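See structure below.
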Amino acid sequence: MIEALHFEFMRNALLAGLLASVICGVIGSLIVVNRLVFLSGGIAHSAYGGIGLAFFLGMPFMAGAFFFSFLSAMIMAAVSSRSKQRADTIIGVMWAVGMAVGILLIDLTPGYNVDLMSYLFGSILSVPRSDLLIMTIAGGGILLLVFYFFNDLLVMSYDEEFALVRGVPVKRLYYMLIGIVAITVVMMVQVVGLILVIALLTIPPYIAEKYTKSLIQMMVFSCALGMVCTSGGLWISYRFDLTSGAAIIFLAGTGFFLSLVLDRLIVLSKRRLMLKSHREMSG
Amino acid sequence: MNDTIVDITDLCFSYSGKEVLHNIDLVVAEGDFIAVVGPNGGGKTTLLKLIIGLLKPTRGRVRLSGRKPGKKGLEIGYVPQQIDHNLSFPATALDVVIMGKHVPENRLPFGRSQQDRRDGLAALEKMGISEFAGRKISDLSGGQRQRVLIARALVTEPELLVLDEPTASIDSRGQTEFYQLLQELNKELTILMVSHDLLSVSAYAKSVACVNKRLHYHQAFASSGELFDAVYACSVYDSCPVTFPQSAPGQSSLPEGVTND
């Protein structure tokens, strides 16, 4: 790993991975406790439509993807805050239609066709310095916003109705949170890809939630887990010449299943202790 | 005469074209312990939500100590019906109680103060579960979680405690303890509680509000038997006697003479 860091692209990749871990750890924790995983998946995939639109109109990629996913995020937020029961259906439709629109627009674009596949798993090994700068600034802005509203978000995430009684502007915060998710997703798509964004947004927070006692601990622990996954995955991809994004997700997924096994073991050992004390008491 | 803390006049509420509450008038005096009873879908929870300001009346008005709900007039503690939502949320019992003190205007400083901690622990102490303060909410039993949510409502030292079917997830023994606790709390604050638990309501409540689109308020019962009759009529017969004859205890006034509205 150390010799790999002599290459600038490796240093950039590692930095991008660490930055993504921090942003995804914080935002992902909010996504998991607010049960917005499916909605985030919808936003990430409808960003595809924006990528297609950007190519079709000859706009910069970021502008198209941002416009499209922010718009669809706001529609999803409106639908999900109005009719909670059918929100998943609408999100599923937008998810599919967004991707289809992206592909059709690419088809209609004359000249050479980009491979949309590269946006699925990203290209972390070819992150330019300028993207790192954008990530740092936008990520910093998002984190500041989250920490300014932290207590409101905390109360809202645990119990929305109670938050309303306490006078928290729940509706505005909900739109803000989903807007933040859209920004996060778009910012990450080019760097780490749609699939990796969803993985980093959900797997580390899910593991962290079980072993932590507060939202802030959950965020910190998710960031650390994300960092282990991204740097470990990069090392695996360098050492064994594998696709970096997939290697990172594979590592995170392994952690996910290990945590399930660990939970099971904890339950079993508690059970054994109980049975043992029971035997000692009766005999 | 005690002070009026909740004053509802001519209130109507309709939801997607359907009238849920019609011409409600209710005056809650300080120190009362009102049980809100009535059939499912009769508008009990809707009435609670109108009082705490989660819903706006279609017509008429709600005043809490002379002010609109949501404005800082009357400190209300609210205990929701659902206690199992968001169970895996990473928070300790104490954290949840401190959330009760949250004021959106004071965003900074970040985190919680020593004062918040002390108040939170005091509220848990009052509910008799301070030894679980540091435990994660997912590791608590249903009854303990219920107490945590009541502690969250009490931490601001409210004048009015509003509970929505609080005993749904507590066993019989826990319920008795729970009602004794409410009776103790009632010495200092006013209680408004939705309940289906007829026996307990008639044993502990001071007055009854029957809600089934309309509202009938019954106060000052001569005996708990009489109170039980009122509650029973509202919940079982889906109707409410407007007046109660001053009958001797044990002599049931139902179901004859029931006027249906």
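On the given criteria, is A:PHE68 within 23 Å of A:VAL127 (Cβ to Cβ), open to solvent by 40 Å² or more (accessible area, probe 1.4 Å) and at pLDDT below 85? No. Going through (1) within 26 Å of A:ILE203 (Cα to Cα); (2) touching a residue at least 24 places away in the same chain (Cβ under 8 Å); (3) open to solvent by 10 Å² or more (accessible area, probe 1.4 Å) one by one, A:GLY25 falls short only on (3). Checked against (1) assigned to a strand (DSSP E or B); (2) within 23 Å of B:ASN186 (Cβ to Cβ), B:ASP10 meets all criteria but (2).
Matching residues to (1) closer than 19 Å to A:SER46 by Cα; (2) among the acidic types (Asp, Glu); (3) crowded, with 16+ Cβ neighbours inside 10 Å; (4) in contact with a Gly (Cβ under 6 Å, 6 or more places away or on another chain):
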| position | (1), (2), (3), (4) |
| --- | --- |
| A:LYS84 | no, no, no, no |
| A:LEU104 | yes, no, no, no |
| A:ILE137 | no, no, no, no |
| A:GLU160 | no, yes, yes, no |
| A:ALA163 | no, no, yes, no |
| A:GLY167 | no, no, yes, no |
| A:ILE178 | yes, no, yes, no |
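For the range B:50-105, a residue qualifies if it is more than 9 Å from chain A (Cβ to nearest Cβ) and part of a helix (DSSP H, G or I), and the qualifying residues are B:LEU50, B:ILE51, B:ALA93, B:LEU94, B:VAL97, B:ILE98.
Would a scan of the range A:112-120 turn up a residue that is out of contact with any strand residue (DSSP E or B) (no Cβ under 6 Å at 6 or more places or on another chain), of a type in the set (Val, Ile, Thr) and surrounded by fewer than 21 Cβ atoms within 10 Å (Cβ to Cβ)? Checked against the condition, which is being out of contact with any strand residue (DSSP E or B) (no Cβ under 6 Å at 6 or more places or on another chain), of a type in the set (Val, Ile, Thr) and surrounded by fewer than 21 Cβ atoms within 10 Å (Cβ to Cβ), the range A:112-120 yields at least one hit.
The residues of the range B:64-100 that are of a type in the set (D, E, K, R) and modelled with pLDDT of 75 or more, listed by number, are B:ARG67, B:LYS68, B:GLU75, B:ASP95.
Anything in the range B:114-127 that is away from chain A (no Cβ under 13 Å) and either in contact with a Ser or Thr (Cβ under 6 Å, 6 or more places away or on another chain) or surrounded by fewer than 22 Cβ atoms within 10 Å (Cβ to Cβ) (or both)? List them, or say none.
Selection gives B:GLN114, B:GLN115, B:ARG117, B:ARG118, B:ASP119, B:LEU121, B:ALA122, B:LEU124, B:GLU125, B:LYS126.
Okay, residues lined up against (1) among the small types (Gly, Ala, Ser); (2) within 14 Å of another protein chain (Cβ to nearest Cβ):
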position	(1), (2)
A:GLY98	yes, no
A:PRO110	no, no
A:GLY122	yes, no
A:LEU125	no, no
A:LEU132	no, no
A:ALA138	yes, no
A:PHE150	no, yes
A:LEU164	no, yes
A:VAL170	no, yes
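If you go through the range B:128-152, how many residues are in a helix (DSSP H, G or I) and surrounded by fewer than 22 Cβ atoms within 10 Å (Cβ to Cβ)? Summing the residues that are in a helix (DSSP H, G or I) and surrounded by fewer than 22 Cβ atoms within 10 Å (Cβ to Cβ) in the range B:128-152 gives 9. Residue check: A:VAL220 meets all listed conditions (1) within 14 Å of another protein chain (Cβ to nearest Cβ); (2) surrounded by 20 or more Cβ atoms within 10 Å (Cβ to Cβ); (3) out of contact with any Leu (no Cβ under 6 Å at 6 or more places or on another chain) but one, namely (2).
Taken together, the residues in the range A:172-197 that are within 15 Å of A:PHE68 (Cα to Cα) and within 14 Å of chain B (Cβ to nearest Cβ) amount to 0. Being within 18 Å of the chain's Cα centre (by Cα), farther than 20 Å from A:LEU194 by Cα and either modelled with pLDDT under 85 or not hydrophobic (A, V, I, L, M, F, W, C) (or both) is a condition met by at least one residue of the range A:33-56.
Checked against (1) at pLDDT below 90; (2) more than 22 Å from A:LEU177 (Cβ to Cβ), A:GLY17 meets all criteria but (1).
The values are calculated or read from the model by the stated rules, or taken from the named source; none is laboratory data. As the structure is a prediction and not an experimental result, all values here were calculated from the model. Cβ atoms come from the backbone with ideal geometry, glycine included; neighbour counts cover every protein chain shown. What goes into the accessible areas is simple: the full protein's heavy atoms, side chains included, and nothing from ligands, DNA or RNA. Shrake-Rupley method; radii C 1.70, N 1.55, O 1.52, S 1.80 Å.
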